[in-house]
1. Please list, in order, the residues from the range 21-56 whose amide nitrogen is less than 17 Å from a point placed 7 Å along the Cα→Cβ vector of ARG100.
2. Choose one answer from GLU20, GLU12, GLU39: the residue with the largest mean-square fluctuation in a GNM of the chain with alpha-carbon springs under 10 Å.
3. Using a Gaussian network model on the chain with a 10 Å cutoff between Cα atoms, which of ARG89, ARG29, ARG17 fluctuates the most?
4. Would you mind telling me which residue in GLU61, GLU46, GLU35 has the biggest mean-square fluctuation in a Gaussian network model of the chain, where springs connect alpha carbons within a distance under 10 angstrom?
5. Can you give the charge dipole size of the range 2-107 about its Cα centre, rounded to the nearest 20 debye, using +1 on the beta carbon of Lys and Arg and -1 on the beta carbon of Asp and Glu?
6. What percent does the relative contact order of the chain come to when contacts are Cα pairs within less than 8 Å and at least six residues apart?
7. Between ARG89 and GLU62, what is the FRET efficiency for a Förster distance of 22 Å, r being their Cβ-Cβ separation, to the nearest 0.05?
8. Cα extents of the chain along the three principal axes, largest first, in whole Å?
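What follows draws every value from the coordinates through simple rules; no lab data is involved. Small disclaimer: the values here were computed from a predicted structure and weren't measured. Cβ atoms come from the backbone with ideal geometry, glycine included; neighbour counts cover every protein chain shown.
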Amino acid sequence: MNAFDDRERAFEAKFARDQEMQFRITARRNRLLGEWAAERMGLTPEETDAYAKAVVQADFEEAGDEDVIRKLAGDLTAAKVEISDAEIRAALNEKATEARRQFIESRN
């Protein structure tokens, strides 16, 4: 039984590490996305930092990316920036790739 228990603990530890890594990548992606949107809205560096943090926080409202997309679409529209959901989703995918790359580079 001991070998089985060891194997189970190893799988649980790997799952926890994978979940933490995904959380960090998603948070980084959302920060990059917030910075991208802030630049489009013409925010100052201080406002950009605060806005990027708000985008990270928005992701905790519900599972998935729709809460972040809704926030960005609403904020960009309120700032009179014309943008489609498709453009926001494309930026989200681009920033996800960039966040993953940055995370991997930071671990090396």
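1. 21-33
2. GLU12
3. ARG17
4. Top of the fluctuation ranking is GLU46.
5. Details: 18 positive and 24 negative charges, 69 e Å.
Dipole of the range 2-107, to the nearest 20 debye: 340 debye.
6. Working: 78 pairs, mean separation 31.7, N = 108.
Relative contact order here is 29 percent.
7. Values: r = 17 Å, r/R0 = 0.76.
The pair ARG89/GLU62 has a calculated efficiency of 0.85.
8. 64, 29, 22
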